[in-house]
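The values are calculated or read from the model by the stated rules, or taken from the named source; none is laboratory data. If you're wondering where the values come from, they're calculated on a predicted model, not measured in any experiment. Ideal geometry is used to build each Cβ from the backbone, glycine not excepted, and the neighbour counts take in all protein chains shown.
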Amino acid sequence: MTTSTPDAFEDQFHHVALRHERVWVFIAVTLIAVLFLVAVWFVVHDYGLVAKTTQFYSNPNTPSQLAEFQGSGVKQTGPNSYDVYEIGRAWSWTPGTGTPLTLPVGAHVTFYVTSGDVLHGFEVQGTSINLTAIPGVVGHVSYTFDKPGTFYIICNEYCGAGHQAMIGKIIITGAKQS
Ligand code: CUA
């Protein structure tokens, strides 16, 4: 057998081409897999967008009945750091709707978020805060308010007839820190 005949040449050509195709498919699939894992890693670790769930309850009504969620829902934990216990209900945020949540600039806040009825979306505009308020579950997310201003809490998951009016207010007071 010799490689000088057209048939043999073609066979060899196909063999080589097939090998190259396999290599490039492998490279492409590997790149996509690596980029996917990098993207997931960033979302989970860097942006803190994923709700870190602290507690589950067998009775969905339990979290909103906890002592921390009663009263103002705001607990100072350090010189300028706070725990905020936030309940979403159709169709208000407590604290936030009616009486705004007012904190000084630079406040480092950990929000503990739950729902008193159905699913709500806890999103604070202009920040990376975005998690789902789930009955029976307390999720948490931390954020530092570096700039003064008014930040609106909006519900971003459809929760009934008053969904679009489910708005709360966070007011950050004081001068901008340099
Ligand atoms: Cu609550 Cu939409």
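For Gln164, which of the numbered conditions (1) free of Cβ contacts under 8 Å to residues at least 24 places away in the same chain; (2) crowded, with 16+ Cβ neighbours inside 10 Å; (3) farther than 17 Å from Glu86 by Cβ fails to hold?
The number of the failed condition is (2).
Only one of Gly139, Gly116 is within 24 Å of Ala67 (Cα to Cα), buried (at least 20 other Cβ atoms within 10 Å of the Cβ), within 16 Å of the ligand (Cβ to nearest atom) and modelled with pLDDT under 95. Can you tell me which?
Just one listed residue meets the conditions, Gly139.
When you scan the stretch 121-130, do you find a residue that is under 19 Å from Phe69 (Cβ atoms), outside any strand (DSSP E or B), within 16 Å of the ligand (Cβ to nearest atom) and under 12 Å from the mean Cα position of the chain (by Cα), even just one?
There is at least one residue in the stretch 121-130 that is under 19 Å from Phe69 (Cβ atoms), outside any strand (DSSP E or B), within 16 Å of the ligand (Cβ to nearest atom) and under 12 Å from the mean Cα position of the chain (by Cα).
Cβ contacts < 6 Å: first residue on the phi > 0 side of the Ramachandran plot, restricted to the stretch 117-130; second residue more than 9 Å from the ligand (Cβ to nearest atom) and outside any strand (DSSP E or B), any location; separation 6+ or different chain. Result?
none
Can you find a residue in the stretch 65-80 that is surrounded by 13 or more Cβ atoms within 10 Å (Cβ to Cβ), more than 27 Å from Tyr158 (Cα to Cα) and at pLDDT 85 or above?
Yes, that holds for at least one residue.
Could you tell me whether the stretch 153-161 includes any residue that is over 25 Å from Gln55 (Cβ atoms), exposed (fewer than 14 other Cβ atoms within 10 Å of the Cβ) and away from the ligand (no atom under 13 Å from the Cβ)?
no
Of the residues that sit in the stretch 23-60 and are in a helix (DSSP H, G or I) and among the aromatic types (Phe, Trp, Tyr), which one is modelled with the lowest pLDDT?
So, considering only residues that are in a helix (DSSP H, G or I) and among the aromatic types (Phe, Trp, Tyr), the one modelled with the lowest pLDDT is Phe42.
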